[in-house]
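Notes for the one structure printed next.
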Amino acid sequence: MIARSVQPKLQETFKQTFVVDNKPGAGGAIGAVAAKNAKADGYTIFVSSLGPFVIGPHLLKNSGYDPIRDYDYITVAVQAPNVLAVRGDSPYKTFADLTKFMKANPEKATFASAGNGTSDHLTAVLFWQESGLTGTHVPYKGGAPAMADLLGGQVDATFMNINTGYTQMKAGKLRPLAITSARRSPLLPDVPTMEELGFKGVTVYSWQAFAAPKGLPADIQAKLRDAVVAALNDPAVKPKLLELGFEIVGNTPDQFTAFQAQEYARWKKVIEVGKITAD
């Protein structure tokens, strides 16, 4: 979606066609390997969520690529926080209600996710590690069945991306209890941040970014970065992304490279301490 959002503006800027080639599978590893093996001439750009950049390599024994060595980083396009949500008629009216139950009933609270190693799964594990509380992870094959069971009352809670659940929250079908952003979201101004609630280590964003095969000439890297950032901030693009709960980032290649290393180390620790596997 992010690639398609900037596609028209990039075509206009560079006076040539940009083709979005979806390569799903293996948590993004198939696309990551395809990008790694392409020529570093600026004609192949890897657009992905954080999974292949900082999570997948810690879960997959043979991912086929190394995110530290195989890419030149262009920019983090957008980021969006996760929201701790329960169904609208849940007995847990507040974050305190849920944590009180978890303290009294270790591992009894069930947390849905779109699958092992996904952002919603790892955010829950990070929350448990930071709080000392425990719950039971219930992985699903994708976000849709996880949402269905949360709404149906088969599971208690989830840490979902804000743009996944915002419509249901607005309709009252889901109740947001906390958000993982650094500041409160303008979309959910009454929902406290995890930091406000005493958990500084649970500030988490899901992010989407642009990278290229290693060896990209610096001048091309700079041109691509500037063009992507201009496209993201275009009046025809930016408001639509903000309405979905995304925040525009548009950092520099150096900033993205440092951020990637930081996130890579952070999720490596969470995965190792939590003994999380892809299975």
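The values are calculated or read from the model by the stated rules, or taken from the named source; none is laboratory data. Since the structure is predicted, the reported quantities are computational estimates derived from the model, not experimental observations. FYI the Cβ positions are ideal-geometry reconstructions off the backbone, even for glycines, and counts take in every protein chain you see. SASA here: full protein model, heavy atoms, side chains in, ligands and nucleic acids out. Shrake-Rupley method; radii C 1.70, N 1.55, O 1.52, S 1.80 Å.
Data table
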read-out: Candidate set: the stretch 195-223, residues that are small (Gly, Ala, Ser) and open to solvent by 30 Å² or more (accessible area, probe 1.4 Å); chosen: the one nearest to GLY117 (Cα to Cα); value: GLY198
read-out: Residues located in the stretch 149-164, provided they are under 22 Å from THR94 (Cβ atoms) and either touching a Phe, Trp or Tyr at 6+ places or on another chain (Cβ under 9 Å) or surrounded by 22 or more Cβ atoms within 10 Å (Cβ to Cβ) (or both); value: LEU150, VAL155, ASP156, ALA157, THR158, PHE159, MET160, ASN161, ILE162, THR164
read-out: Test for LYS61: is it within 28 Å of GLU247 (Cα to Cα), open to solvent by 30 Å² or more (accessible area, probe 1.4 Å) and part of a loop (DSSP other than H, G, I, E, B); value: no
read-out: Contacts under 8 angstrom Cβ, first residue in the stretch 22-43 being of a type in the set (A, V, I, L, M, F, W, C), partner open to solvent by less than 90 Å² (accessible area, probe 1.4 Å) and part of a helix (DSSP H, G or I), 6 or more apart; value: ALA26/GLY56; ALA29/PRO52; ALA29/GLY56; ALA32/PRO52; ALA32/GLY56
read-out: Only one of ASP89, ASP66, ASP72, ASP97 that is assigned to a strand (DSSP E or B), at pLDDT 95 or above and open to solvent by 20 Å² or more (accessible area, probe 1.4 Å); value: ASP72
read-out: Selected residue (only one of GLY215, GLY198, GLY245 is over 25 Å from GLY27 (Cα atoms) and either under 17 Å from the mean Cα position of the chain (by Cα) or assigned to a loop (DSSP other than H, G, I, E, B) (or both)); value: GLY198
read-out: Every pair of residues 6+ apart whose Cβ atoms lie under 8 Å, when the first sits in the stretch 72-84 and is farther than 9 Å from ALA209 by Cα while the second is charged (D, E, K, R) and not in a strand (DSSP E or B); value: ASP72/LYS214; ASN82/ASP120
read-out: Any chance PRO192 is open to solvent by less than 60 Å² (accessible area, probe 1.4 Å) and at negative phi; value: yes
read-out: First in the stretch 186-211 and more than 30 Å from ILE45 (Cα to Cα), second anywhere and open to solvent by less than 60 Å² (accessible area, probe 1.4 Å) and in a strand (DSSP E or B), Cβ under 6 Å, 6 or more apart; value: LEU188/PRO176; VAL191/PRO176; VAL191/ILE179; PRO192/ALA178; THR193/ILE179; MET194/ALA178; LEU197/ALA178
read-out: Boolean, LEU122 is touching a residue at least 40 places away in the same chain (Cβ under 8 Å), outside any strand (DSSP E or B) and open to solvent by less than 30 Å² (accessible area, probe 1.4 Å); value: yes
read-out: Residue in the stretch 224-236 that is open to solvent by 10 Å² or more (accessible area, probe 1.4 Å), hydrophobic (A, V, I, L, M, F, W, C) and under 16 Å from the mean Cα position of the chain (by Cα) present; value: no
